[in-house]
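For reference, the structure discussed in these notes is given below.
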Amino acid sequence: MFAFILAAVLTQSPVVPAEPSPPPAPGTPEAVPAVPSSTLPPATHELFQRIEGQVAQVRIIERRSGTRSSIGSAFFVSAAGHAVTNYHVISDVVIHPEDYTAELVLKGGAEPVPVRLVDVDVVHDLAIIQTATPVQSFFDLDDREPPQGARLFAMGNPRDLGTTIVEGTYNGFIHDALYERLHFSGAINPGMSGGPTLTGEGRVVGVNVATMGNQVGFLVPVKHARALLSRALAAKDSGAQALLDTVRAQLLDNQQRVTERLLGAPMPQQTLGSYRVPGRWGTFLKCWGDTPHDPEVPYTVTNYQCSSEEDIFVSSRHRTGVVAFLHQHATSQKLGALRFSALYSALFSQDPDAVEATRQDVTNYRCQSEFVDVAGLPVRAALCMRAYRKFPGLYDLVLRAATLNASTSGVDTSLTLAGFTADNGRKLARRYLEGLSWTK
């Protein structure tokens with residue numbers, strides 16, 4: 001079996017979701033404002049007091065224990081009680097509705113308010129929930145992009161400290177991203193997921209979703225929340241299976257979009273020794289390379305790897321929507337053909353790092369191995385696939401291949417695709433193999 005390789009080895013901290021924070025330890029006082037309003041600048045103070053009641057805490061309740069398993073944030077967007085949050089905040093309710101439910105804690109509310117899950121957008125990490133009773137005030141979702149450097153305010157419930165407002169700066173769309181995100185230079189901490197980021201006039205321009213720490217935050221563009229709300233307002237009551245079907249349809253549409261984007265692009269090639277290998281296939285891929293230098297080792301292995309830096313959060317234990325590949329060029333002037341063959345076989349037999357999933361999410365890998373001819377270059381290839389249990393028709397795919405034309409050099413390569421149909425996965429694997437060639 002071959003496991004996955006998820007991403008390149010980065011020289012910076014990875015982006016992680018601003019995920020729901022766990023509840024406080026027993027005996028911890030209930031939510032209190034993290035920043036006394038009297039210490040805020042007057043404009044911020046006025047804004048906070050005017051809209052504080054439109055932001056709520058989301059609690060995910062584990063049914064057996066009857067207590068919180070995680071918390072996040074949400075904000076009201078209709079008089080009928082519709083509220084926007086992140087999909088990753090309420091994902092347990094989608095994937096395991098028999099085990100989890102959700103509720104809102106409102107400003108001044110004595111008891112949490114139960115909510116129903118109306119609709120989701122798993123690709124953009126959004127969800128619409130609704131209370132049973134109307135609300136008096138709610139946010140307008142802006143249809144204008146603020147100018148670069150505009151002053152913005154993020155709101156939410158960081159670490160169960162109560163509704164908080166954080167000032168930051170708008171820095172536009174992330175360039176060359178597979179999934180659209182806005183760069184917000186401000187603190188977005190666990191528990192603020194699903195909260196609004198807005199202008200000084202109170203117009204929402206984004207939804208808090210992720211952080212890299214050190215005042216580097218990320219938002220979902222408000223246009224995706226506006227589209228989801230329009231659909232939710234027209235939707236009929238949907239059950240648990242209908243929501244799973246919605247997630248499946250969105251994942252299928254997304255993988256088709258990514259497949260068409262890759263197949264419609266030329267395959268650039270990167271030189272590794274006397275070989276040419278697939279290079280930066282899409283602008284959303286980030287590529288890195290390295291050659292460890294150890295004079296005691298009688299061979300050299302040069303790594304070149306590319307990966308999409310974003311993925312799609314299906315559940316706390318399952319990620320998808322990944323495209324990644326790794327090339328390892330091995331060569332030796334000191335090892336003979338027999339010893340180099342043993343080294344090369346060991347490289348091919350290594351399992352790449354796996355894309356996160358559990359046995360409840362996916363089946364075991366099933367693999368097929370064969371020898372193929374790539375424009376005169378002999379290659380050993382193995383194609384492995386595992387199926388998604390809750391989303392029929394979707395698979396994770398790993399292609400492993402190794403060139404066999406030389407006795408003391410070669411390229412071992414792997415392609416990882418998470419959340420693709422079998423047909424699209426095979427199409428991309430064939431195109432990938434066509435990117436291999438020998439320059440001599």
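The values are calculated or read from the model by the stated rules, or taken from the named source; none is laboratory data. Note that this is a predicted model, so its numbers are computed, not measured. Note that each Cβ is placed from the backbone with ideal geometry, even for glycine, and that neighbours are counted across all protein chains shown. Note: accessible area is taken over every heavy atom of the protein model, side chains too, but ligands, DNA and RNA are not part of it. Shrake-Rupley method; radii C 1.70, N 1.55, O 1.52, S 1.80 Å.
Let's see how each residue does on (1) modelled with pLDDT of 85 or more; (2) among the hydroxyl-bearing types (S, T, Y); (3) over 29 Å from the mean Cα position of the chain (by Cα):
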site	(1), (2), (3)
A324	yes, no, no
A330	yes, no, yes
R339	no, no, yes
D353	no, no, no
D373	yes, no, yes
A382	yes, no, no
Y388	yes, yes, no
N405	yes, no, yes
G419	yes, no, no
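Determine whether the stretch 325-342 contains at least one residue that is more than 21 Å from A406 (Cβ to Cβ), in a strand (DSSP E or B) and either open to solvent by 30 Å² or more (accessible area, probe 1.4 Å) or not polar (S, T, N, Q) (or both). Break it down into steps so the answer makes sense when it comes.
First pass over the stretch 325-342, keeping only residues more than 21 Å from A406 (Cβ to Cβ): 325.
Subsequent filtering for residues that are in a strand (DSSP E or B) retains 325.
Narrowing the set further to residues that are either open to solvent by 30 Å² or more (accessible area, probe 1.4 Å) or not polar (S, T, N, Q) (or both) leaves 325.
The answer is yes, given that some residue of the stretch 325-342 is more than 21 Å from A406 (Cβ to Cβ), in a strand (DSSP E or B) and either open to solvent by 30 Å² or more (accessible area, probe 1.4 Å) or not polar (S, T, N, Q) (or both).
Quick grid of which residues meet (1) open to solvent by less than 40 Å² (accessible area, probe 1.4 Å); (2) more than 17 Å from A127 (Cβ to Cβ); (3) touching a Lys or Arg at 6+ places or on another chain (Cβ under 6 Å); (4) among the basic types (K, R):
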site	(1), (2), (3), (4)
M212	no, yes, no, no
L219	yes, no, no, no
R226	no, no, no, yes
A232	yes, no, no, no
Q269	no, yes, yes, no
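Counting only residues that are small (G, A, S) and either within 17 Å of V220 (Cα to Cα) or under 24 Å from the mean Cα position of the chain (by Cα) (or both), how many does the stretch 135-159 have? Result for the stretch 135-159: 3. Among residues that are buried (at least 21 other Cβ atoms within 10 Å of the Cβ), of a type in the set (A, V, I, L, M) and assigned to a loop (DSSP other than H, G, I, E, B), V355 is included.
When we screen Q350, Q368 for residues that are without any contact (Cβ under 8 Å) to a residue 12 or more places away in the chain and farther than 22 Å from S316 by Cβ, the only hit is Q350.
When E103, E111, E98 are checked against the criterion of being acidic (D, E) and in contact with a Pro (Cβ under 9 Å, 6 or more places away or on another chain), E103 stands alone in meeting it.
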